[in-house]
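Have a look at the structure below, then the notes.
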Amino acid sequence: SGEVPEEPVVSKKTGLLFEKRLIERHISDYGKCPITGEPLSMEEIVPIKTDKIVKPRPVQAASIPGMLGMFQIEWDGLMLSNFALEQQLHTARQELSHALYQHDAACRVIARLKKERDEARSLLAQTERQIPMSALAVPEVNASALSIGKRGAADEGMGPDAKKIRRGISASIISELTDCNAALSQQRKKRQIPPTLAPVDAVERYTQLFSYPLHKTSKPGILAMDILYSKDIIATGGIDTNAVIFDRPSGEILSTLSGHSKKVTSVKFVSQGDFVVTGSADKTVRIWKDSENGNYDCQNTLKDHTAEVQAVTIHATNNYFVTASLDNTWCFYDLSSGSCIAQVEDSSGSGGYSSAAFHPDGLILGTGTTEAIVKIWDVKSQANVARFDGHVGAVNAVSFSENGYFLATAAHDGVKLWDLRKLRNFRTFAPYGENTPTQSVEFDHSGSYLGIAGSDIRVYQVANVKSEWNCIKTFPDLSGTGKAMCVKFGPDTKYLAVGSMDRNLRVFGLPGDGDDPEES
């Protein structure tokens, strides 16, 4: 090898000196001495013990000028290496910048393509709607509406300032609504009062259990409420522009829905709470979707109304919902896409809608107007099929009973009960003075109790048309404002939730009953 051996060994045959690792490799490959060519094995190799050999210094390190030269060479090499790294960093930055520009351009292209796709889908749906319409000899889109219930957009042209043209409720949607109606009607015939429903004597002993401050102190007031029975979750809409999702068993706020610019007038759960729909005085409707982290994110903002949205009601299929507004129209929406399928304008009134609710079977829509009129609509044809007069002041709330034929409406003069089979008013409650409007009326889910909210909260036991409806419990409005704005019965009427013109949600029930949290 030309170097001093680190592990010297000697051959017994030839007496020659070798490096151990080199001779072992040569013997394993050739089996003979590399010098003489005689056969050689590892048994004939004898190791030699020697002291550790210190290698001499190189000539360059033997003097100070030589060492300085070595250091200079190493420094030059380090600087060259650093310069190469800086060049690589600059190149990487340029490539990253170029990639970011490409990503931004791709995002813009994707957004434009999505917009074009949505426009194409809308045109396709409109065309599909127009084909059966032309076959049925329906007038042109720009012809004026001839009767109540024609779509509000149908009497407008295609000009840039015209209203949007709605594709209308298609035959497939009508079929879906009809099937849902048939199934629910069949179930209703077999409907029985659940054995777990709170009895009358228990409701009579209800008292306030808890008061939860859910909304802002600066803008107090709870205007709307809904309860998701399967999970016992309460949603409230407030004057502070927020909706709050509240878990009643734990007493914790799950999510605050912020996005509206004015008061939230209506809030509704959809299905198992996967979606929440809110209406607001800012003229918009928002669809909120439950995310994995428990918060609700705004999925769609709907701007089809031109005045305050006063009511939102969900269809029994959980695929569609209706909004009612002071602009004198109600809109029928597809939940998944957030598209307005039909916008119905009533030419017989000018005050606008103040409340709305679907019949439990889904083919009838009840609306209350600011002109003290209750109107019943056929959802399939969007025609006004019945009209109830007799109230004084705006109709603040409408509620259908689960029995399918009772309708309760609340206005300035109190509560009226209507029999939908004979289309007549069979009972009137005037619980408050003439200067105190009734703000809310609500049947419980079994149709056994009726809740009324105004200057206090009252619970009536539901009877038939001829029997007396008895007030079994009156709760004072503990907010001190004298205005209870909304009332809802909990699952199996185990509690009563009330929202007033302060920031607190109040729960009334039996003390020590169930899994209620400690008072906050």
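Once region 29-53 is narrowed to residues that are assigned to a loop (DSSP other than H, G, I, E, B) and in contact (Cβ under 8 Å) with a residue 40 or more places away in the chain, the residue that is nearest to the chain's Cα centre (by Cα) is Ile53.
A search for C-beta distances below 7 Å between a residue of region 470-487 that is at negative phi and any residue that is outside any strand (DSSP E or B) and of a type in the set (A, V, I, L, M), counting only pairs 6+ apart in sequence or on different chains, returns Ile472/Val200; Ile472/Val203; Lys473/Val203; Ser479/Met501; Thr481/Met501; Lys483/Met501; Met485/Met501. Scanning region 210-223 for residues that are at pLDDT 90 or above and under 20 Å from Val459 (Cβ atoms) yields a total of 2. Exactly one residue out of Ala356, Ala316 is open to solvent by 10 Å² or more (accessible area, probe 1.4 Å) and assigned to a loop (DSSP other than H, G, I, E, B), and it is Ala316.
Regarding region 262-271, can at least one residue be identified that is aromatic (Phe, Trp, Tyr), within 12 Å of the chain's Cα centre (by Cα) and part of a strand (DSSP E or B)? Yes, that holds for at least one residue. Is there a residue being under 21 Å from Thr370 (Cβ atoms), assigned to a strand (DSSP E or B) and in the same structural domain as Ser218 (by the TED database) anywhere in region 286-293? No: zero hits. Taken over region 204-225, residues that are more than 15 Å from Leu478 (Cβ to Cβ) and of a type outside the set (Gly, Ala, Ser) amount to 9. Within region 1-20, the set of residues being of a type in the set (A, V, I, L, M), open to solvent by 60 Å² or more (accessible area, probe 1.4 Å) and either in contact with a Gly (Cβ under 6 Å, 6 or more places away or on another chain) or not in a strand (DSSP E or B) (or both) comprises just one member, Val4. Pairing each residue of region 67-81 that is modelled with pLDDT under 95 with any residue that is surrounded by fewer than 10 Cβ atoms within 10 Å (Cβ to Cβ) and not in a helix (DSSP H, G or I), provided the two are 6+ apart or on different chains, yields C-beta distances under 9 Å for Met70/Pro58. Pick from region 394-411 the residues that are at pLDDT 90 or above and not in a strand (DSSP E or B): which of them is surrounded by the most Cβ atoms within 10 Å (Cβ to Cβ)? My answer is Val395.
Ile253 falls short on exactly one of the conditions (1) exposed (fewer than 13 other Cβ atoms within 10 Å of the Cβ); (2) in a strand (DSSP E or B), and that condition is (1).
The values are calculated or read from the model by the stated rules, or taken from the named source; none is laboratory data. This one's a predicted model, so the numbers in the text were calculated from it and none came from an experiment. When we count neighbours, we look across all protein chains shown, and the Cβ atoms used for this are built from the backbone with ideal geometry, even at glycine. When the accessible area is computed, the model is the full protein with side chains, heavy atoms only, and any ligands, DNA or RNA have been set aside. Shrake-Rupley method; radii C 1.70, N 1.55, O 1.52, S 1.80 Å.
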